[in-house]
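So the structure is just underneath, and the comments pick up after that.
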Amino acid sequence: MYNDDEMSSGAGVGNGTPPAEIVPDGVQNSPENSPYYEPWQQPVSRDTNSFGNESYTPGFHNGAYNAYQKYQPVQPPKEKKRKKTTGGLLKAICLILVCMIASGAATYGVIQYSLPDLKNTNQSVISGDNFQEDSASAPSSFLSGNAENSPGSTPDVSANVAYTGAKMAPENIYAMAVNQVVGVKSERKTNVFGAPTSGAVSGSGFIISSDGFIVTNYHVISYAAEQGFTLTVMMHNGESYPAKIIGYEPDNDLAVIKVDATGLSAVNLGSNDTMKVGEEVYAIGNPLGELDYTMTSGIVSALDRLIQVDESTSINMFQMDAAVNQGNSGGPVYNSRGEVIGIVSAKYASTGVEGLGFAIPIDDARDIVDELVTNGYISGKPSMGITVKTVTQQDAEYYNIAVGAYVISVSRGSSADKAGLKVGDIIVKLGDTEVVSADTLKMAKKSFKAGSTTTMVVNRDGEELTLEITFDEEGVTSTASEAAPQPIQP
């Protein structure tokens, strides 16, 4: 069933090829989907001296000598009266002595050179607390390195990292972003009988103003909007706030919510005008609803991908290979300057397919978000004031009626009512678009604005009629109550 002012899909058997599966949020982790962590392995131990530093002792095989053994002169052999020592034997002994002296001196020098300066060393190499200051050669980390932290301590990621517009290190982007990104949870605690239920959706969002306005995906808050689920926002510092819905735009999978708080850290919005394939990007969010404030990195893989999220809705997105999962939805995508350039919206899910994450370009979302903050709805969206369902080819053959969108109800005083549309009519054409389902009617309506006038062809009792309709504006007309989302039918 489809209300033309709602985003619910049409009933009946669809004729189109099903879209690529978009993984919904809130999917409970099954054992096979649970995160797997490699166990930390004890490093291979080495001998240490009393100061904790590695001690290397040359081997005694293959003719090597102890580096610390004092040279002992070789005692000349006692004279034997039986035979006089030849000159060749004496030369061989002298050569051996020279080699022994040279080898001992060289080995001693090497060992002395390789030993650390014990007077200036107070850290243990084996403990791993010797950190290199050269960031280019140090291991990458999402936590910001702080020289004032004692060895082994966890750096303070909540330290104030200022946005300058210049390129930032990934750890600094993370340190800044954790105060701008929030977790969003939609949960119903009781059912109609007062018993607790387990229905919940987890996602992410990001702060756009210091007084608590937050952007997220519509599908993250859809249960709260449609079924009365409570909405909670979780901050990085552990604080939680109840949130209220300001407005949403299902056609673009965007929503604005608000918490009662001040002094929050807002993101800096970038632009997609100069974004290129290959550009570094960072996604920060709440993957799987459990791994809070996880940062993943990747590159922009493609621009202007038209992603079909249902049979009648396609959204322009850019593709990236930064890992995203359920719970990342609504979270920000940062560029290397720490600017938000996208909103994580979907992940293509298929066996054997990885690295296909999609995000809504921030330039596409900017005007929509501004209007949601100002008005709570998107102005200019057309409304007909009807509820329809799909008549499939199979239905048409069985009931001997036309294929199209069957009108179930017409709101009194709506644009459809004024055009003369009646319950039982089957809409087969709107403007220049052939209507073969409720979804195609919804798609055809998107090409018009409120106040636009066009014709529609309907089949009434086996005869085709042409009617003229002038669209109302969704959300501000006499049919506003019908434009509000209705509960999803089981």
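Some notes on this structure:
- Scanning the stretch 214-251 for residues that are over 20 Å from the mean Cα position of the chain (by Cα), in contact (Cβ under 8 Å) with a residue 12 or more places away in the chain and assigned to a strand (DSSP E or B) yields Thr230, Leu231, Tyr241, Pro242, Ala243, Lys244, Ile245, Ile246, Gly247, Tyr248, Glu249.
- Condition met for Gly183 (at pLDDT 95 or above and within 16 Å of Tyr241 (Cα to Cα)): no
Results for (1) assigned by TED's automatic domain parsing to the domain that holds Glu473; (2) surrounded by fewer than 22 Cβ atoms within 10 Å (Cβ to Cβ); (3) at pLDDT 95 or above; (4) outside any strand (DSSP E or B), shown as yes or no for each residue.
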{"site": "Ala322", "(1), (2), (3), (4)": "no, no, no, yes"}
{"site": "Ser329", "(1), (2), (3), (4)": "no, no, no, yes"}
{"site": "Val333", "(1), (2), (3), (4)": "no, no, yes, no"}
{"site": "Gly342", "(1), (2), (3), (4)": "no, no, yes, no"}
{"site": "Ala346", "(1), (2), (3), (4)": "no, no, no, no"}
{"site": "Phe358", "(1), (2), (3), (4)": "no, no, no, no"}
{"site": "Val369", "(1), (2), (3), (4)": "no, no, yes, yes"}
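- Among the residues listed as Glu279, Glu239, the single one being closer than 20 Å to Ser186 by Cα and at pLDDT 90 or above: Glu239
- Any hit, the stretch 195-213, residues being in a loop (DSSP other than H, G, I, E, B), modelled with pLDDT of 95 or more and closer than 24 Å to Val324 by Cα: yes
- All of (1) in contact (Cβ under 8 Å) with a residue 60 or more places away in the chain; (2) under 10 Å from the mean Cα position of the chain (by Cα) hold for Val333 with one exception: (1).
- Taken over the stretch 443-457, the criterion of being out of contact with any Gly (no Cβ under 8 Å at 6 or more places or on another chain), under 17 Å from Val388 (Cβ atoms) and not in a loop (DSSP other than H, G, I, E, B) is satisfied by Met443, Lys445, Val457.
- Of the candidates Lys442, Lys449, the single residue that is at pLDDT below 95, among the charged types (D, E, K, R) and surrounded by 24 or more Cβ atoms within 10 Å (Cβ to Cβ) is Lys442.
- Lone unmet requirement of (1) at pLDDT 95 or above; (2) in contact with a Gly (Cβ under 6 Å, 6 or more places away or on another chain) for Val403: (2)
- Beta carbons closer than 7 Å, at least 6 apart along the sequence or on distinct chains, pair a first residue in the stretch 409-426 that is at positive phi with a second that is surrounded by 14 or more Cβ atoms within 10 Å (Cβ to Cβ) and not in a loop (DSSP other than H, G, I, E, B) for Gly420/Leu467; Gly424/Val407.
The values are calculated or read from the model by the stated rules, or taken from the named source; none is laboratory data. Bear in mind that the values here come from a model prediction, so they are computed numbers and not experimental data. Cβ atoms come from the backbone with ideal geometry, glycine included; neighbour counts cover every protein chain shown.
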